[in-house]
Amino acid sequence: MINTFYLCMTFTMLSTTSDFHLGEDARIAACSYAESIATTSFELNLDPFVLSALIFQESRFETNAKSPQGACGLTQVVAKYVPATCKQLTSNPVLSIEIGATLLKDWLRRNDNSYDKSLQCYATGYKCNHPLYAKKVLTRSKKLKKIYLLTKRKMNNALDQRNLNRSQ
C-alpha cells in the first residue's frame, strides 16, 4: 500500500508545480484525504495516483464542489446514480472517495482494465467519449507519482543522513 505520509507530502508540494494550482487550504484538505485515497485504492486495487488525479480534475480537492449538472463532492458523482445524496457526498469526503473509486473500478471491469477508456466513461457515462479528460487525468497521475517518488527519496535520504550523523 502507498505510504500516506509521502502522499500527503506530495499534495503539499502541488503549489510548486505548473500543472497543479492548489491554494493552501486545498493542499491541507488533500493531505487530510491521503489515508482514505491510499486505503480505498489498496482495497479496490486502483492506482492511487490516478484516483488522486481524478479528484484533482473533478473538484480540486474541494469537498463542497457541485457542478451545474448535479455532480457533487470530491469525485463529482451524480447523486441520482448512486446510493447517496448530494449533501452526503459534499459533507463526507471519505464517502465521496469510496463511491467515486467504486465507480472507476466498475468502469475498469467493463473496459478490460483500461484506465484511458474507463476515465472517459467516468467523465461522460455510457458515451465513453472524452479522450481529453482521460489524457489530463493520466498525465497528472504520472506527475503525481513522480513527485511522490522524488519526495520519498529525498525524505529517506535525509533520514539516512541524520541516522549516519547520530552514529558518528
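Values in this text are rule-based calculations from the coordinates and carry no lab data. Quick caveat, the model's predicted, so the values are computed rather than measured. Cβ sites come from the backbone with ideal geometry, for glycine too, and all protein chains shown count toward neighbours.
Structure summary
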quantity: Descending principal axes extents, the stretch 34-168, alpha-carbon based, whole Å; calculated: 63, 31, 25
quantity: Ranked list, fewest to most other Cβ atoms within 10 Å of each Cβ, for I37, I97, I28, I2; calculated: I28, I2, I97, I37
quantity: Pairs beyond 23 Å (Cα-Cα), from K105/K136; K87/K117; K117/K142; calculated: K87/K117
quantity: Gain on full stretching of the segment that runs from E24 to L150 - 0.36 nm per residue minus C-alpha separation; calculated: 43.3 nm
quantity: Neighbour-count order for H130, H21, fewest beta carbons within 10 angstrom listed first; calculated: H21, H130
quantity: Sequence of E58, E24, E98, E35 once ranked by neighbouring C-beta atoms within 10 Å, starting from the fewest; calculated: E24, E35, E98, E58
quantity: Whole-angstrom gap from the stretch 36-81 to the stretch 101-140, using each part's C-alpha centre; calculated: 13 Å
